[in-house]
Amino acid sequence: MRTAHKMLAAAIAAFAVLWMSGPVMAAETPSKPMPEATEELLEKGRAIYFRRCSFCHGLLGDGEGPAAKYLDPRPRDFTLGTYKFRTTQSGELPTDEDLFRTVSRGLPGTAMQSFDRDLIKNGLSEADRWAVIGYIKTFAPEFDDPELDPVKTGKVVALPANRAPYNDETIARGKEVFERAKCWSCHGKLGRGDGNKEFRKDDWGFPIRIRNVTHPWKIKAGTDVENIYMRFTTGISGTPMPSFIKTLSEGDRWDLANYIKSLQHKLTTNQALKAKPVQGELPESPEDAAWDAAESMDMRLTGQVVAPPRWQNPSIEMVTVKALFNDKDIAFRLTWDDPFKDVVHDKSKEFKTAEISKVGGFNSYVEANGMVSRELETFRDSVALQFPVKPPQGTKKPHFFRGSSSDQVQLWVWKADLAEAGKRGTQEGNARGWKQPIKIQAEDSQQVSGKAKWDQGRWSVVMKRPLVTGEKNDVRFERGVFIPMSANAWDGSNGEHGLIMSLSTWHYVTLEAPTPISVYIYAILAFLIAGGAGVWLMRRAENEEETAEAKA
Amino acid sequence: MKKLKIGSFLSMVITLVLVYALVKWGIPAVSREVTTLPFPLPVPGALMFIYMVLTIIALFLFVTFSDEGLSDFLRPVRKFLRGGYGKIPRTVILAAVPVLVGWQVYEIKVPKAEVPASLRIQHPSSNFPRSFETKENPFTNPTDADVSAFVEQAKANEIEFVPQVREDVERWMEETDPGHVLEFVPVEPMKKFLAQLKSGKVDAETAKAALMEKNLFEGRALYSMNCRACHGDSVAGDGPMADGFKLRPLNFNDNGTIETIVVGYTFWRVANGGPGLPPEATPWDSAMPEWKLSLTEEERWKIILAEYDLAQKTPRIPEGH
C-alpha cells in the first residue's frame, strides 16, 4: 500500500508539472540590447527593409511606398524621427526597445502587423528585427546625435514603482481623473471618441480620428494597463494627444489607466443570435426597457475589399444586434459606435467607381485621402441587415456580399438622412450580386418600421417587420429555423457610401423554438424510474437485514 | 505499523476516477509535450466512452470473480442502503440521483440552438479546369528573349517597371542619384548582375536571377497593394481586414495550403475567387475576390511569384511531368 501511495503522489506531481508548463511566451522585449550598427548589420537590415517594409514605408523611408496612399493611418515617415509610441518623454526620440516592440507586436488597427517570428512563421528573428531597426534609424539624422539619445539624457519614462491593483476602487478613482483631466473633451464621456464636434488634423494635415478606447482591437500599442499608462504619460507625438506627465501624478495616471482598461469591450462569441419571444407589442424605440432582456450578438465588420471600389479604412468594425419577436412581428435593434451623427447626403459627391473598376487599372482600392470626401455634412450614416430571400437548403446560402444572380438576398437598409427628415428610415430592398445597386422595393411593399437614436457616439436603430409578409422577395421568419444574417454599415463622415463600406460575413438569427412537451415527460419519467429503483433497492436491503436478524 | 485498508468498493471508485482523469487530462497534457504544439490534443468522446466501458467491464469481472469479492464490494452499498451511514445521507443521495438522471435526460432532449455545421473542402477540384493543371508561371522561368530584353534595358539604364512602383523608384532615383536604377535592390543576385554589367560581361544565369529579383519586387508591391489587407504582410492570413471574416483568409505559411497545389490551381483560384468555387467549398462564405475583374494576368502571376517567395514555399509539381 505504501508503494501505491508513493506512486500516486508521484503521478500527481508529474501531472502538476505538465499542467503548469505552458507554451513559451513570445518576447516583445528583446533578450539582448541592440547590437552595434556595423556596416554589415545595416546592409542586412537594408535587404530586410527592401523585402518586407518598403512597399508601405517607401524606398526612401518617407512613408510613401506604393501601398501607402490607401492606408489610414499612413505608414510612418522615418525621415522625421517622430514616433508615436514610445516610453520616452514628449517630443523625444524612442528607445531601441520601443522600436523593437512595435516591429515585434505591430500596431493593431493599422496596416503595421507583427513581425515576430515566434508569432508568425515567416516573421523576423530577433537578430533580423535589430538589423532592420538599425537600418530604419539611418533615415533620421536625429538618431546620430548623442545629445538626443533619450537613454543617455535620462528622458526614459519608467512605470510607477507602486502599481495599484486593477479593481473597482482604482477604476472608480481613475474615472474621477478622467473627469478632472477632461479626457472626455476629445474621447467623449463614455470613451467612444466622440468628444469633438469636428475633425482635428495631425502634423501632416490628415484628419485625426480620435480613439474609441472601448474597442481594444483598435488600440495600437497594447491594451494592458502598462501600455495605456505609457500612452498618456508620454503623449502621442504628431497628434493632439498630449503628455500628462506634468499635469497628473503618477498615481492618478495609473488609476486612469485602470479605468481605461475597464472600458474595453469584451466581444460576444456567439455566431447565432437567439431572438427572444415576448408577449404583447414589440418595442419601436431603441431605448425601450424590453431590449435589456434580449440576447446580444456582436458582429465583426471589416472593410469591403471583395470588389472595387475596395475600402480598407472602415470606421464601423462592430455592430451589436438584439432581436425580439411575438406572434406577428420581429424586431431587431442594431447598435454601433460612430463619433459623428451624419444625417445629410450629397449625391453629387459620390465616388465614380468606373476609373478604378477596370482590369489593369492602377489599383482597385480607394485612396484614404483625396478620392472621397471624408468630411462632416457630406454623406449619411447608414446600416443594413441582410438575409437570404429563400430559406437556406442545408448549408447552402447566397454569397455574403449581396448574393448572386441565382441567389437573391434581401436587405433592410436604414438611412440616417431619411430618418432625420421624418420619413420611413428603413427601406426593404433586394440584391442579386454586388454589380447592381440594391433595388429598393415599391412603397406599398415597405413594411419595416422603427426608430433610431444617436447618443454619445453611438447609433441605435430598431427595425421591426411582420414575421411573414406573403411577398415573394421578402425573407420569412419561422421558429426554430436558422436564418443567415449579415450586416453592412456606412459611416458618412468617413467617406463611406455605395460599396465603400464595412460588412460582415454570415451569422445566424433563430427564433427560439418552444420546448416540446415530450422533453418534460421524458425527464419526469427518468426521474421516477431512477427514484423508484433507489427506493426499491433500499427496501430490499432493509428486508434482507430483517430476515437476517429474524434468522439469528 | 498499521496498514491503511481501503474497501473494495472505494478502491473501485478511485480506480474509475483515476482512469477518467488520465484519459481526460493526462493524455492531453502528455500530448502537448510529445507534439510540442501550443495546445493539448483532447481524447475524442467516442474513444473516451470505449476506455470507460472497458474499465467498467474489467472492474466488474474483477469484483464478480468470487462470491467473497462481490460481497466485499457490495457490503458498503448494502450498509448505505440500510442507513448504516446515517439516514440523512441516504435520503439526500437517494433523492439527488433521480434528480441528476432527470436533469441529464432533459439536457439531452431539449432542443438546442446550434449553428448549422458546415464542412468545407479547401482545395476543391470538382470544377477545376484541367487545362490549368500544367500552366506555369511565366516569371518563374523567363524565356531567353525576356532575359536578353531585360539585359538590354539594364544596359540602357532604363528598366521597365509596372506603373504601381514607378513613383517610388523615381523618387528614390532623384534623391540618391545612383549609378544604376537597379541599385535600390540590395540583394546578392542583383549586386552580382550590376557588377557584371559594369565589367561588360553578363552571363545569362546571373541576368535571369537579377530579372527574378526585379519581378519579385514588383510582385511584392502588387501583393501589398491588393492582397495584404486580408492575407497580411507576412502572408499569414492575418491582415488588418482578416478579423471580420468568418472564413479566415488563408495562411500561406501553413504546410497544407499553396504548397500542396500546382501553381496553375493558385492562378485559377486568384482569378475566380470565392464565386468560382464549387458548393463543397462554401463559396458563399469566401471573401476571395474574382481578381480577373481587376488585375491583369501579368499582375496576377507576379503576385503569385511573390506570394510563394514570401511564404518560402514551392508549388506542387504537376503530375505527368
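Determine whether A:R76 is within 14 Å of chain B (Cβ to nearest Cβ) and surrounded by 20 or more Cβ atoms within 10 Å (Cβ to Cβ).
So A:R76 fails the test.
Any chance you could count how many residues in region B:99-122 are part of a helix (DSSP H, G or I) and either assigned by TED's automatic domain parsing to the domain that holds B:R269 or among the β-branched types (V, I, T) (or both)?
The number of residues fulfilling the criteria is 4.
Pick from A:L537, A:L528, A:L511, A:L467: which is aliphatic (A, V, I, L, M) and under 23 Å from A:K423 (Cα atoms)?
The unique qualifying residue is A:L467.
Looking only at residues in region A:83-123 that are under 15 Å from A:G222 (Cα atoms), within 24 Å of the chain's Cα centre (by Cα) and among the β-branched types (V, I, T), which one is surrounded by the fewest Cβ atoms within 10 Å (Cβ to Cβ)?
Once the filter is applied, the top-ranked residue is A:T110.
Of the residues in region B:10-36, how many are surrounded by 13 or more Cβ atoms within 10 Å (Cβ to Cβ), over 23 Å from B:G69 (Cα atoms) and not hydrophobic (A, V, I, L, M, F, W, C)?
Of the residues in region B:10-36, 6 are surrounded by 13 or more Cβ atoms within 10 Å (Cβ to Cβ), over 23 Å from B:G69 (Cα atoms) and not hydrophobic (A, V, I, L, M, F, W, C).
For A:A37, work out the one condition from (1) within 29 Å of the chain's Cα centre (by Cα); (2) in a loop (DSSP other than H, G, I, E, B); (3) of a type in the set (A, V, I, L, M) it doesn't fulfil.
Tallying (1) within 29 Å of the chain's Cα centre (by Cα); (2) in a loop (DSSP other than H, G, I, E, B); (3) of a type in the set (A, V, I, L, M), A:A37 fails exactly one: (1).
When A:G280 is evaluated against the numbered criteria (1) without any contact (Cβ under 8 Å) to a residue 60 or more places away in the chain; (2) within 14 Å of another protein chain (Cβ to nearest Cβ); (3) more than 24 Å from A:V372 (Cα to Cα), which criterion, by number, is the only one it fails?
Of the numbered conditions (1) without any contact (Cβ under 8 Å) to a residue 60 or more places away in the chain; (2) within 14 Å of another protein chain (Cβ to nearest Cβ); (3) more than 24 Å from A:V372 (Cα to Cα), the odd one out for A:G280 is (2).
Report the residue count in region B:270-297 for those that are without any contact (Cβ under 8 Å) to a residue 40 or more places away in the chain and under 21 Å from B:G244 (Cα atoms).
10
Could you please find all residues in region A:232-254 being within 16 Å of A:W184 (Cβ to Cβ) and either crowded, with 22+ Cβ neighbours inside 10 Å or in contact with a His (Cβ under 9 Å, 6 or more places away or on another chain) (or both)?
Scanning region A:232-254 gives a single hit, A:F232.
Given the conditions (1) under 44 Å from the mean Cα position of the chain (by Cα); (2) assigned by TED's automatic domain parsing to the domain that holds B:Y20; (3) small (G, A, S), which single one is not true for B:G84?
(1)
So, of the residues in region B:80-117 that are facing chain A (nearest Cβ under 7 Å) and modelled with pLDDT under 90, which turns out to be surrounded by the most Cβ atoms within 10 Å (Cβ to Cβ)?
B:L81
Among residues belonging to region A:370-425 that are within 18 Å of A:A489 (Cβ to Cβ), of a type in the set (K, R) and touching a helix residue (DSSP H, G or I) at 6+ places or on another chain (Cβ under 9 Å), point out the one that is modelled with the lowest pLDDT.
Within region A:370-425, the match that is modelled with the lowest pLDDT is A:R374.
Out of all the residues in region A:249-258, is one or more assigned by TED's automatic domain parsing to the domain that holds A:M463 and assigned to a loop (DSSP other than H, G, I, E, B)?
Scanning region A:249-258, I find no residue that is assigned by TED's automatic domain parsing to the domain that holds A:M463 and assigned to a loop (DSSP other than H, G, I, E, B), so the answer is no.
Tell me, which helices (runs of 4 or more DSSP H) wholly within region B:208-321 include 1 or more residues that are at pLDDT 95 or above, at the interface with another protein chain (Cβ under 8 Å from one of its Cβ atoms) and closer than 15 Å to B:T140 by Cα?
Where helices (runs of 4 or more DSSP H) fall fully within region B:208-321 and carry at least 1 residues being at pLDDT 95 or above, at the interface with another protein chain (Cβ under 8 Å from one of its Cβ atoms) and closer than 15 Å to B:T140 by Cα, they are B:297-311.
Every residue in region A:495-524 that is more than 8 Å from chain B (Cβ to nearest Cβ) and loosely packed, with under 14 Cβ neighbours inside 10 Å, please.
A:P514, A:I517, A:I521 - these are the residues of region A:495-524 that are more than 8 Å from chain B (Cβ to nearest Cβ) and loosely packed, with under 14 Cβ neighbours inside 10 Å.
Hey, among A:A4, A:A11, A:A67, which residue is modelled with pLDDT under 90, at the interface with another protein chain (Cβ under 9 Å from one of its Cβ atoms) and more than 30 Å from A:Y229 (Cβ to Cβ)?
A:A11
Give just the number: which of (1) within 14 Å of another protein chain (Cβ to nearest Cβ); (2) part of a loop (DSSP other than H, G, I, E, B) does A:P94 not satisfy?
Against the list (1) within 14 Å of another protein chain (Cβ to nearest Cβ); (2) part of a loop (DSSP other than H, G, I, E, B), A:P94 comes up short only on (1).
Evaluate the following for A:R101: is it in contact (Cβ under 8 Å) with a residue 60 or more places away in the chain, more than 11 Å from every other protein chain (Cβ to nearest Cβ) and farther than 22 Å from B:M225 by Cα?
Against the criterion (in contact (Cβ under 8 Å) with a residue 60 or more places away in the chain, more than 11 Å from every other protein chain (Cβ to nearest Cβ) and farther than 22 Å from B:M225 by Cα), A:R101 qualifies.
Looking at this structure, is B:V151 within 14 Å of chain A (Cβ to nearest Cβ) and modelled with pLDDT of 95 or more?
For B:V151, the condition - within 14 Å of chain A (Cβ to nearest Cβ) and modelled with pLDDT of 95 or more - is not met.
Go over the candidates A:G450, A:G492 one by one and state the one that is more than 10 Å from chain B (Cβ to nearest Cβ), within 30 Å of A:S357 (Cα to Cα), crowded, with 22+ Cβ neighbours inside 10 Å and out of contact with any Pro (no Cβ under 7 Å at 6 or more places or on another chain).
Sole residue among the options that is more than 10 Å from chain B (Cβ to nearest Cβ), within 30 Å of A:S357 (Cα to Cα), crowded, with 22+ Cβ neighbours inside 10 Å and out of contact with any Pro (no Cβ under 7 Å at 6 or more places or on another chain): A:G492.
Restricting the search to region B:42-79, which residues are surrounded by 14 or more Cβ atoms within 10 Å (Cβ to Cβ) and assigned to a loop (DSSP other than H, G, I, E, B)?
Scanning region B:42-79 gives B:P42, B:V43.
Do you know which residues across region B:174-198 are surrounded by 14 or more Cβ atoms within 10 Å (Cβ to Cβ), part of a helix (DSSP H, G or I) and free of Cβ contacts under 8 Å to residues at least 12 places away in the same chain?
Scanning region B:174-198 gives B:E183, B:K191, B:Q196.
Residue under question is A:N212, and the condition is that it be more than 30 Å from B:K246 (Cβ to Cβ) and either buried (at least 18 other Cβ atoms within 10 Å of the Cβ) or not β-branched (V, I, T) (or both); does it hold?
When the stated conditions are applied, A:N212 does not pass them.
Would you pick out the residues in region B:295-321 that are hydrophobic (A, V, I, L, M, F, W, C) and over 17 Å from the mean Cα position of the chain (by Cα)?
Within region B:295-321, B:L295, B:W301, B:I303, B:I304, B:L305, B:A306, B:I317 qualify.
Test A:P66 against the criterion of being more than 16 Å from A:I236 (Cβ to Cβ), over 25 Å from the mean Cα position of the chain (by Cα) and buried (at least 23 other Cβ atoms within 10 Å of the Cβ), and give yes or no.
Judged against the criteria, A:P66 is a match.
Have a look at B:K214, B:K292, B:K208, B:K313 and point out the one that is farther than 22 Å from A:S504 by Cα and touching a Gly at 6+ places or on another chain (Cβ under 9 Å).
Answer to the selection: B:K292.
Return a yes/no flag: does region A:43-53 have any residue that is part of a helix (DSSP H, G or I), buried (at least 18 other Cβ atoms within 10 Å of the Cβ) and under 27 Å from the mean Cα position of the chain (by Cα).
yes
Does A:S373 satisfy being more than 14 Å from chain B (Cβ to nearest Cβ) and out of contact with any strand residue (DSSP E or B) (no Cβ under 7 Å at 6 or more places or on another chain)?
It is true that A:S373 is more than 14 Å from chain B (Cβ to nearest Cβ) and out of contact with any strand residue (DSSP E or B) (no Cβ under 7 Å at 6 or more places or on another chain).
The values are calculated or read from the model by the stated rules, or taken from the named source; none is laboratory data. Predicted, not measured: the structure shown is a model, and the values here were computed from it. So basically every Cβ, Gly included, is an ideal-geometry build from the backbone, and we count neighbours across all protein chains shown.
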